[in-house]
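These notes are about the structure you will find just below.
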Amino acid sequence: MFDIGTADRAEDLVTRRARHYLATAHPSSMVAETPSGELVAVALTRQLGSRVFLAWAAVRETFQNRGIMRAMLDAFPAGAPGLQRTILCSTDPKAMRRYSLLGLPLHPTVSACGILRPGAVQTPTGAIESSVAEAEAVLEPIAEAVRGSGYAIDIPLMDAQGDRAHVVDGAVAIRAGGIVRALVARTPEAGALALRAALAAAPSGATIHVNQMRAGQDWAIREALAAGLPLSPDGPIFSDPPLSPLHLPNGSWC
């Protein structure tokens with residue numbers, strides 16, 4: 001069954017997420033305003049240990065194609081001295097070109113997206129599903145080891161959104177409906193089991209998304225294929241150095 005919420009509920013979640021991102025933004029974040037103070041663009045960055053990543057970039061439609069975002073992104077490297085930089089890109093060719101010109105190495109990715117057949121994936125023995133907060137004691141040490149930082153600052157928002165944690169020995173996956181939001185693991189085998197647990201728990205009929213899998217993540221790609229999910233090209237990840245192959249990021253959580 002799907003959990004259908006009201007428009008007010010959706011607006012509340014969007015507002016809460018925007019406020020959270022602003023409250024946890026890195027100083028390299030930037031906004032663009034008109035002389036009258038009208039907000040027209042934002043490039044919001046967040047820091048994870050020694051890594052800073054672009055979490056949200058947007059320009060108001062009436063101000064697009066004026067070079068505003070280009071100017072803001074050109075300042076991104078200088079705004080984070082001594083930190084590694086990461087951008088999870090969409091499939092938009094303009095975005096890919098702009099991020100490539102920043103000088104960050106490009107890492108191609110694929111995604112797995114589709115609706116699972118009933119019973120296509122079975123929950124692994126020993127897997128535990130819980131709120132993200134309940135999994136924090138297991139999640140944080142693994143995340144710090146493979147991601148460079150834990151998720152503690154984001155866990156309250158994850159739980160407010162109804163995200164679920166899937167814990168196996170040595171790995172944790174975080175799922176929202178049919179979307180695998182994040183996964184961290186100590187070994188490829190543990191990562192595969194955590195991903196399988198998340199897929200098995202997805203709501204019946206939900207569209208599954210396992211996004212931006214890349215070189216070194218054959219363990220995740222094999223699990224997606226075994227579940228019957230088709231692969232397709234996804235937006236690249238720009239990063240120096242590359243993210244750990246034992247870390248599946250997703251959007252603003254990275």
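The values are calculated or read from the model by the stated rules, or taken from the named source; none is laboratory data. In this text, all values refer to a predicted model and were calculated from it rather than measured experimentally. All Cβ positions, glycine included, derive from the backbone under ideal geometry; neighbour counts span all protein chains shown.
Mind checking whether some residue in the range 143-151 is aliphatic (A, V, I, L, M), within 22 Å of Leu88 (Cα to Cα) and touching a helix residue (DSSP H, G or I) at 6+ places or on another chain (Cβ under 7 Å)?
no
Can Ala55 be described as at pLDDT 85 or above, in contact with a helix residue (DSSP H, G or I) (Cβ under 9 Å, 6 or more places away or on another chain), assigned to a strand (DSSP E or B) and under 30 Å from Ile142 (Cα atoms)? If you could, list the steps in order and put the result at the bottom.
Details: at pLDDT 85 or above: yes; in contact with a helix residue (DSSP H, G or I) (Cβ under 9 Å, 6 or more places away or on another chain): yes; assigned to a strand (DSSP E or B): yes; under 30 Å from Ile142 (Cα atoms): yes.
Yes.
Can you pull out the residues in the range 97-125 that are within 28 Å of Ala160 (Cβ to Cβ) and assigned to a loop (DSSP other than H, G, I, E, B)?
Answer for the range 97-125, where residues must be within 28 Å of Ala160 (Cβ to Cβ) and assigned to a loop (DSSP other than H, G, I, E, B): Leu116, Val121, Thr123, Pro124.
Quick check on Ala95: is it crowded, with 17+ Cβ neighbours inside 10 Å, farther than 28 Å from Ala185 by Cβ and either in contact (Cβ under 8 Å) with a residue 60 or more places away in the chain or touching a Leu at 6+ places or on another chain (Cβ under 6 Å) (or both)?
yes
Give the residue that is farthest from Ser149 (Cα to Cα), with candidates limited to residues of the range 32-80 that are buried (at least 20 other Cβ atoms within 10 Å of the Cβ) and among the aromatic types (Phe, Trp, Tyr).
Per the criteria, the residue is Phe76.
So, in the range 195-254, exactly how many residues are assigned to a helix (DSSP H, G or I) and of a type in the set (Ser, Thr, Tyr)?
Of the residues in the range 195-254, 1 are assigned to a helix (DSSP H, G or I) and of a type in the set (Ser, Thr, Tyr).
Checking the condition assigned to a helix (DSSP H, G or I) and touching a strand residue (DSSP E or B) at 6+ places or on another chain (Cβ under 9 Å), which residue from Ala173, Ala165, Ala182, Ala190 passes?
Checking each option against the conditions leaves just Ala190.
Which ones in the range 152-175 are touching a Lys or Arg at 6+ places or on another chain (Cβ under 8 Å) and more than 20 Å from Pro124 (Cβ to Cβ)?
Leu157, Met158, Ala160, Gln161
I'm checking my understanding of the structure. Among residues of the range 184-213 that are surrounded by fewer than 20 Cβ atoms within 10 Å (Cβ to Cβ) and charged (D, E, K, R), which one is nearest to the chain's Cα centre (by Cα)?
So, considering only residues that are surrounded by fewer than 20 Cβ atoms within 10 Å (Cβ to Cβ) and charged (D, E, K, R), the one nearest to the chain's Cα centre (by Cα) is Arg186.
Out of the residues in the range 121-165 meeting the condition of being within 21 Å of Leu199 (Cα to Cα) and β-branched (Val, Ile, Thr), tell me which one is surrounded by the most Cβ atoms within 10 Å (Cβ to Cβ).
Val132
So, Arg222, is that one in contact with a Gly (Cβ under 9 Å, 6 or more places away or on another chain) and either among the basic types (Lys, Arg) or in the same structural domain as Asp92 (by TED's automatic domain parsing) (or both) or not? Talk me through it step by step, then tell me what you get.
Values: in contact with a Gly (Cβ under 9 Å, 6 or more places away or on another chain): no; either among the basic types (Lys, Arg) or in the same structural domain as Asp92 (by TED's automatic domain parsing) (or both): yes.
For Arg222, the condition - in contact with a Gly (Cβ under 9 Å, 6 or more places away or on another chain) and either among the basic types (Lys, Arg) or in the same structural domain as Asp92 (by TED's automatic domain parsing) (or both) - is not met.
Can you tell me how many residues within the range 198-254 are among the acidic types (Asp, Glu) and without any contact (Cβ under 8 Å) to a residue 40 or more places away in the chain?
2
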